[in-house]
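The values are calculated or read from the model by the stated rules, or taken from the named source; none is laboratory data. In this text the structure is predicted, and so the values were computed from the model without any measurement. Cβ placement follows ideal geometry from the backbone for every residue including glycine, while neighbour counts extend to all protein chains displayed. Accessible surface is based on the protein model in full, side chains and every heavy atom, while ligands, DNA and RNA are left aside. Shrake-Rupley method; radii C 1.70, N 1.55, O 1.52, S 1.80 Å.
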Amino acid sequence: MSELFVIVEHRLGEIRDITLEMLWKAGELAQGLSYKVTAILLGHEVNSIAETISDRADKIIILDDERLKNFSADISKEIIAGLIEESRPTLTLIGNTSWGMELAPCLAVRAGLPLATDCIDINFKDDKLTAQRQMYGGKIFSNVSFSPSAGYLLTIRSGVFPRDRIGDRQAQIVQKGLSLEDIPMKKDFIEFVETAAGDVDITQAELLVSVGRGIGEEENILVVKGLVEALNGVLSCSRPIVDKNWLPKYLQVGTSGKSVSPKVYIAVGISGAFQHLAGLSGAGTIIAINKDPKAPIFRAADYGIVGDLFKIVPVLKEKVLEAKRG
Ligand SMILES: Cc1cc2nc3c(=O)[nH]c(=O)nc-3n(C[C@H](O)[C@H](O)[C@H](O)COP(=O)(O)OP(=O)(O)OC[C@H]3O[C@@H](n4cnc5c(N)ncnc54)[C@H](O)[C@@H]3O)c2cc1C
């Protein structure tokens, strides 16, 4: 049976969400094609990570060695190329993360396979693979097809697929031996530098309230912060808010910001430019508040409120607090 490889990404003992997102997509593809989902897990003392994903893959190949404790593209490339040569998977999925962006191109050269990067969707139709990518900062969606090949490599954008479990799987665990001595190391791992304390990761938030230029003045952001607090959500924003230095860059949603996948996204005074919407493809329910009924955000929204945000947001906040008080 053909296999779909998913390269597991983890850091400091924690599985990265991109792995769960790729396993979801691989599971979805496998259902239609009766392929096997194989997770490739490189690291040191990674049994707990294998356990986390054991119901999301049919097989987990573990390569455990102290020298794999921290990510190394030099070593990973050689090991994964060996596994690809051995099993000939139809597709190998790698996160389009700083980790995957380093690994995928050199793996493609080493394994002699075609690569498409930063994909936001994958389709197999009549045994023909197409991958969807964005071009020109998200203005154009392109469907990429490939010349026939023994296998294909794709890097997957974070936040575009759900992290839920798909299908009912029970992974067979395969421990592989390693011989790393002959692999030339061109780089040394020095240290992880964590983001500064207090920084918020909007890609992890389940409820985002996002503020746009419609807020008018910096001090008015407090109005939206009130709703954020009432909902126990997280504040994010569109690019003009960052350009004006009203909020930090790490809160920006969109092509030059972050792709987010909250269950609920509330856009306040945001027009819905394609560069902003491109960051929302993984969002669940989108609610828009805008005074312009023709604003493009309403085409992407599940619920829309047409009106002045300064009248609507305080009322919403009160309703939420009332509901909380019971
Ligand atoms: C290369 C490139 C990359 C980009 N990357 C990003 C990105 O990552 N993220 C991003 O967001 N943008 C990005 N942009 C910018 C993008 O094109 C838009 O300019 C931006 O998204 C607009 O932000 P906005 O919706 O907050 O502002 P506007 O487009 O100005 O919209 C403001 C909205 O507020 C509404 N409004 C005004 N007052 C009120 C009120 N009182 N009550 C209710 N509604 C009100 C208006 O009707 C309007 O629809 C990028 C642009 C380029 C060229």
> If you scan region 98-114, which residues turn out to be out of contact with any Leu (no Cβ under 8 Å at 6 or more places or on another chain) and either open to solvent by 20 Å² or more (accessible area, probe 1.4 Å) or free of Cβ contacts under 8 Å to residues at least 40 places away in the same chain (or both)?
Replying inline: SER98, TRP99, MET101, GLU102, CYS106, VAL109, ARG110, GLY112
> Tell me, which residue of region 264-273 that is in contact with a strand residue (DSSP E or B) (Cβ under 9 Å, 6 or more places away or on another chain) and open to solvent by 30 Å² or more (accessible area, probe 1.4 Å) is nearest to the ligand (Cβ to nearest atom)?
Replying inline: SER271
> Quick one: in region 34-55, which of the residues that are touching a residue at least 60 places away in the same chain (Cβ under 8 Å) and surrounded by fewer than 21 Cβ atoms within 10 Å (Cβ to Cβ) is farthest from GLU86 (Cα to Cα)?
Replying inline: ASP55
>> Let me confirm something: among THR117, THR92, which residue is among the polar types (S, T, N, Q), touching a strand residue (DSSP E or B) at 6+ places or on another chain (Cβ under 7 Å), open to solvent by less than 40 Å² (accessible area, probe 1.4 Å) and assigned to a strand (DSSP E or B)?
In response: THR92
> Within region 234-263, can you find the residues that are more than 17 Å from LEU222 (Cβ to Cβ), touching a residue at least 24 places away in the same chain (Cβ under 8 Å), among the small types (Gly, Ala, Ser) and within 11 Å of the ligand (Cβ to nearest atom)?
Replying inline: SER238, GLY254, SER256, SER259
> Is there any pair linking a residue in region 199-220 that is closer than 14 Å to ILE312 by Cβ to one that is within 12 Å of the ligand (Cβ to nearest atom) and among the charged types (D, E, K, R), with Cβ under 8 Å and at least six apart or on different chains, and which?
Replying inline: GLY214/LYS291
> Counting just the residues of region 131-143 that are away from the ligand (no atom under 16 Å from the Cβ) and open to solvent by less than 40 Å² (accessible area, probe 1.4 Å), which one comes out nearest to the chain's Cα centre (by Cα)?
Replying inline: ALA131
> What do you reckon, is ALA230 aliphatic (A, V, I, L, M), within 25 Å of ARG133 (Cβ to Cβ), touching a residue at least 60 places away in the same chain (Cβ under 8 Å) and surrounded by fewer than 24 Cβ atoms within 10 Å (Cβ to Cβ)?
Replying inline: no
>> Can you confirm whether ALA230 is assigned to a helix (DSSP H, G or I), among the small types (Gly, Ala, Ser) and in contact with an Asp or Glu (Cβ under 9 Å, 6 or more places away or on another chain)?
In response: yes
>> Need pairs with beta-carbon distance below 6 Å; first residue on the phi > 0 side of the Ramachandran plot and within region 264-284, second of a type outside the set (A, V, I, L, M, F, W, C); sequence gap 6+ or separate chains.
In response: GLY269/GLY212; GLY269/GLY214; GLY272/PRO296
> What about VAL209, is it open to solvent by less than 80 Å² (accessible area, probe 1.4 Å), in contact with a strand residue (DSSP E or B) (Cβ under 8 Å, 6 or more places away or on another chain) and assigned to a loop (DSSP other than H, G, I, E, B)?
Replying inline: no
>> Which residue is least open to solvent (accessible area, probe 1.4 Å), if the candidates are limited to region 1-32 and must be part of a helix (DSSP H, G or I) and among the polar types (S, T, N, Q)?
In response: THR19
> Does ASN70 count as part of a strand (DSSP E or B) and modelled with pLDDT under 95?
Replying inline: no
> Residues of region 281-313 being more than 9 Å from the ligand (Cβ to nearest atom), in a helix (DSSP H, G or I) and open to solvent by 60 Å² or more (accessible area, probe 1.4 Å), which ones?
Replying inline: ARG299
> Does at least one position in region 253-261 carry a residue that is surrounded by fewer than 18 Cβ atoms within 10 Å (Cβ to Cβ), on the phi < 0 side of the Ramachandran plot and in contact with a Gly (Cβ under 9 Å, 6 or more places away or on another chain)?
Replying inline: yes
